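What follows is a set of notes on a single structure, which appears directly below.
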Amino acid sequence: PIRRLETVRRDFVANVSHELKTPLTVVGGFAETLLDPQLTAAQREQFVGTILANTRRMQRIVDDLLDLSRIESGGWTPNPVTVEVAAFANDVLSAVRAKGAAKGITLRVDVEPPALVMQADPTALRQVLTNLVDNAIRHTTAGEVAIVVRKSDEGISVAVRDTGQGIRAEHLERIFERFYRVDAARSREEGGTGLGLAIVKHLVEAHGGRVRATSDGDTGTTVEALFPQVT
């Protein structure tokens, strides 16, 4: 067990270092270039924009790492309350409607009447839905992203379905691992930190629930979060 923990720790440090190395290199390189007095105003503006974009990327990684550390260490526990899930889901989609429209994506909410309300920590539920929807939009080029909520014998199923790029079977079980990416280059290019689904998994499990992903491998992926309900 100790050897395994040491391996996990070493891999985690290596992954974090790898994720931060590229934006740090870019920031350092362009900051050094800005010292050149021969640069035009347009060049300076372009380079500053690149520095800002990479600084924000590092900030997102650090913020996600802090969230994940707080959840994994037990420093956060959910405080479930009654949530009107349809209004909640629509609110989450409103924040990304412009991003979806820019890619030709239709956003919708599909909630069956028995699941109109659920018990969940509202801050955690918002983060779960936001991470899943952002991820779905990132991997969908035109088509649809839907939040689908259903009641089952196990509780309330909150799923995000997309019609984008599918995920092959060998990747499905690993997408909730920290920094695991099906398409690393594309994910980084589009702003993904590789930590969103790991955060989703831990937030749902803190409620006593579970997560799973399904895909036909070619088109469309569904990521489902099951929240048990106290009756």
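Scanning the stretch 73-90 for residues being over 23 Å from residue 202 (Cβ atoms) and touching a helix residue (DSSP H, G or I) at 6+ places or on another chain (Cβ under 8 Å) gives a total of 0. Picking from residues in the stretch 86-132 that are charged (D, E, K, R) and part of a loop (DSSP other than H, G, I, E, B), the one that is modelled with the lowest pLDDT is 112.
Would you check if residue 134 is closer than 29 Å to residue 17 by Cα, charged (D, E, K, R) and surrounded by 14 or more Cβ atoms within 10 Å (Cβ to Cβ)? Yes: the conditions hold for residue 134. Which residues, taken from the stretch 204-231, are closer than 16 Å to residue 82 by Cα and open to solvent by 80 Å² or more (accessible area, probe 1.4 Å)? Of everything in the stretch 204-231, those that are closer than 16 Å to residue 82 by Cα and open to solvent by 80 Å² or more (accessible area, probe 1.4 Å) turn out to be 230, 231. Note on the stretch 61-99: among residues that are of a type in the set (Asp, Glu) and within 21 Å of residue 198 (Cα to Cα), the one that is surrounded by the fewest Cβ atoms within 10 Å (Cβ to Cβ) is 63. Considering the stretch 15-36, the residues that are modelled with pLDDT under 90 and open to solvent by 50 Å² or more (accessible area, probe 1.4 Å) include one that is farthest from residue 194 (Cα to Cα), namely 25. Set side by side, the residues 51, 61 differ, and just one is within 15 Å of the chain's Cα centre (by Cα), farther than 30 Å from residue 115 by Cβ and either assigned to a helix (DSSP H, G or I) or at pLDDT below 80 (or both), which is 61.
Within the stretch 29-44, residues that are free of Cβ contacts under 8 Å to residues at least 60 places away in the same chain reach partners that are assigned to a helix (DSSP H, G or I) and not β-branched (Val, Ile, Thr) with beta carbons closer than 8 Å, at six or more positions or on different chains, in the pairs 30/47; 33/47; 34/44; 34/47; 39/47.
Within the stretch 137-163, being open to solvent by 40 Å² or more (accessible area, probe 1.4 Å), of a type outside the set (Ser, Thr, Tyr) and touching a strand residue (DSSP E or B) at 6+ places or on another chain (Cβ under 8 Å) holds for 139, 142, 144, 150, 151, 154, 161.
The values are calculated or read from the model by the stated rules, or taken from the named source; none is laboratory data. If you're wondering where the values come from, they're calculated on a predicted model, not measured in any experiment. Note: ideal-geometry Cβ built from the backbone for every residue, glycine included; neighbour counts use all protein chains shown. Surface areas here come from the heavy atoms of the whole protein model, side chains and all, with no ligands, DNA or RNA. Shrake-Rupley method; radii C 1.70, N 1.55, O 1.52, S 1.80 Å.
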